[in-house]
1. From the set of residues in the range 1-38 that are among the acidic types (D, E) and not in a loop (DSSP other than H, G, I, E, B), which is surrounded by the fewest Cβ atoms within 10 Å (Cβ to Cβ)?
2. Can you run down the residue pairs with Cβ atoms below 8 Å, 6 or more apart or on separate chains, where the first is in the range 23-42 and touching a residue at least 12 places away in the same chain (Cβ under 8 Å) and the partner is open to solvent by 40 Å² or more (accessible area, probe 1.4 Å) and aliphatic (A, V, I, L, M)?
3. Report every pair of residues separated by at least 6 positions or lying on different chains whose Cβ atoms are under 8 Å apart, first residue within the range 43-71 and within 30 Å of A161 (Cβ to Cβ) and in contact (Cβ under 8 Å) with a residue 40 or more places away in the chain, second surrounded by 16 or more Cβ atoms within 10 Å (Cβ to Cβ) and charged (D, E, K, R).
4. If you check E14, E2, which single one turns out to be within 20 Å of G87 (Cα to Cα) and at pLDDT below 90?
5. If you go through the range 74-111 one residue at a time, how many are surrounded by fewer than 14 Cβ atoms within 10 Å (Cβ to Cβ) and either in contact with a Pro (Cβ under 7 Å, 6 or more places away or on another chain) or outside any loop (DSSP other than H, G, I, E, B) (or both)?
6. Can you tell me which of I132, I119, I146, I138 is open to solvent by less than 50 Å² (accessible area, probe 1.4 Å), among the hydrophobic types (A, V, I, L, M, F, W, C), closer than 21 Å to V19 by Cα and assigned to a helix (DSSP H, G or I)?
7. With respect to T84, determine if the residue is of a type in the set (V, I, T) and touching a helix residue (DSSP H, G or I) at 6+ places or on another chain (Cβ under 6 Å).
8. Just to be sure I understand, how many residues within the range 39-58 are in a loop (DSSP other than H, G, I, E, B) and either farther than 15 Å from L130 by Cβ or open to solvent by 40 Å² or more (accessible area, probe 1.4 Å) (or both)?
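The values are calculated or read from the model by the stated rules, or taken from the named source; none is laboratory data. From a predicted model like this one, the values you see are computed outputs, not experimental measurements. Please note: Cβ atoms are built from the backbone with ideal geometry, for glycine as well, and neighbour counts cover all protein chains shown. All accessible areas refer to the heavy atoms of the entire protein, side chains included, with ligands and DNA or RNA removed. Shrake-Rupley method; radii C 1.70, N 1.55, O 1.52, S 1.80 Å.
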Amino acid sequence: MEVSSEQVFQALYETVYMVSVSLVFATVIGLPLGILLVVTRKGHILENLAIFSALNPVINVLRSVPFIILLVAIIPFTRLVVGTSIGTTAAIVPLVIYTGPYIARLVENSLLEINPGIIEAAEAMGATPLQIIFRFLIPETLGSLILSITTATIGLIGATAMAGAVGGGGIGDLAITYGYQRFSTITIVATVIILVVLVQGIQSLGNVFARKIRRN
């Protein structure tokens, strides 16, 4: 049984839905965490070793767990949040938990690239810590942050494909159900092409936006 075009479009919609919703929530979580990891470290504008020492290992632990294991491990939590552990919406919960710490690290790396002289100049002008964060740190690294979010988005696409292995829906579910289990080479090739085109499109879009930001 070959897969129909309607099934392909439905799977693509489910993948886009999972990626977009998960990315929004993961960014809302990861961006503040990444900023906190930078500003609370020793010698920075809001030095607080207690907060830094608490956040750093937690993020390391979450990042070290493979997504397919995390997906299964937090099934009770997923069921608590959305009422079920199966389906496209249910897959968003582990996707957010998986991607949030990843974005936090990417944001941290971007902010750490800033020349310390910029922060010193901001402090010399009497800027408060919040002003330094929102008027100097974030604007200075906006191009890099866009590329970081682009990288996280591509990682999310790969994770949604794994979510298909446990009934999460999307392109990954289509590839496993119709391609692998029913030995349909055409379906496998088609899903691979769709994922490659999707990833290339997102990467190109991210590069364009980052380039425009850096030129301004």
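1. E6
2. Close Cβ pairs (under 8 Å, with a partner that is open to solvent by 40 Å² or more (accessible area, probe 1.4 Å) and aliphatic (A, V, I, L, M)) amount to L23/I149; T27/I149; L36/I51; V38/L112; V39/L46; T40/L46; T40/L49; T40/I51.
3. I59/R105; R63/R105
4. Among E14, E2, only E14 is within 20 Å of G87 (Cα to Cα) and at pLDDT below 90.
5. 3
6. Every option except I146 fails the conditions.
7. Working: of a type in the set (V, I, T): yes; touching a helix residue (DSSP H, G or I) at 6+ places or on another chain (Cβ under 6 Å): yes.
So T84 fits the description; yes.
8. Adding up the residues that qualify gives 7.
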